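Note sheet for the following structure.
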Amino acid sequence: MGVIVKEIKAADTWDLRHRVMWPEKSIDYVKLEEDKNGLHFGLFKDELLVSVVSLFITGNEAQFRKFATDTKVQGNGYGTKLLQHLFLVAKQNKVETIWCNARVDKASFYKKSGMVETEQKFSKGGIDYVTMQKILN
Ligand SMILES: CC(C)(COP(=O)(O)OP(=O)(O)OC[C@H]1O[C@@H](n2cnc3c(N)ncnc32)[C@H](O)[C@@H]1OP(=O)(O)O)[C@@H](O)C(=O)NCCC(=O)NCCS
């Protein structure tokens, strides 16, 4: 019982990604070619997978993508807990800068965990994004 975070397979992220982020698209839309090069993490609440995120490490930088908490349980701190886990794993892998392309309406969520907005902004598929980063030490 309780809440645990563990590494999962890429394929185990696809259902939550699809349901939470892009329900109107096909399941194939949420599968990334890069998935095979990533580390994937899931947060389980009472053995049920409720939040997923994927981390892509390139040298001393890491990007995380496709962060999704089941809509039914958003706002309970699960995303924050998973994000803290990513920072830890990144540090263990000697990553200095962790970053993401955040949906602009989610920027405040990342700020609470110490991420800062960069100058880089763009739009894709009708959604506005801002690149955010955190220097790990
Ligand atoms: C972004 C996302 C992954 C966050 O996951 P989450 O599990 O809801 O995250 P948390 O519960 O830790 O934080 C969500 C909010 O609840 C608040 N919160 C955290 N713990 C809380 C608690 N114990 N009690 C009440 N509120 C709490 C946080 O302050 C945060 O507020 P904010 O959004 O105003 O910053 C989730 O909203 C999501 O999947 N969104 C849809 C997909 C998406 O946009 N993905 C990210 C693209 S950048």
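Its DSSP H runs of at least 4 residues, each contributing -39,500 (n - 2.57), put the calculated 222 nm mean residue ellipticity of the chain at -4500 deg cm²/dmol, to the nearest 500. For the pair Glu96 and Leu49, label points projected 7 Å from Cα toward Cβ lie 3.5 nm apart.
Evaluated over the Cα positions of region 35-109, the convex hull gives a direction-averaged projected area, one quarter of its surface, of 5.4 nm². Most simply put, the chain has about 90% antiparallel DSSP beta bridges, counting only bridges with both residues inside it. A crude spin-label estimate for the pair Arg65 and Ser113, with each label 7 Å from Cα along the Cβ direction, gives 1.7 nm.
Calculate the FRET efficiency for Asp12 and Glu34 from the Cβ-Cβ distance with a Förster distance of 22 Å, rounded to the nearest 0.05.
It comes out at approximately 0.85.
Answer rounded, prolate or oblate for the chain, using the Cα gyration tensor with square roots of eigenvalues a ≥ b ≥ c: rounded when a/c is under 1.5, else prolate when a/b is larger than b/c, else oblate. Note, shape of the chain comes out rounded.
None of the figures in this text is laboratory data; all of them are computed from the coordinates on show. Remember, predicted model here, so these are calculated numbers, not experimental data. So basically every Cβ, Gly included, is an ideal-geometry build from the backbone, and we count neighbours across all protein chains shown.
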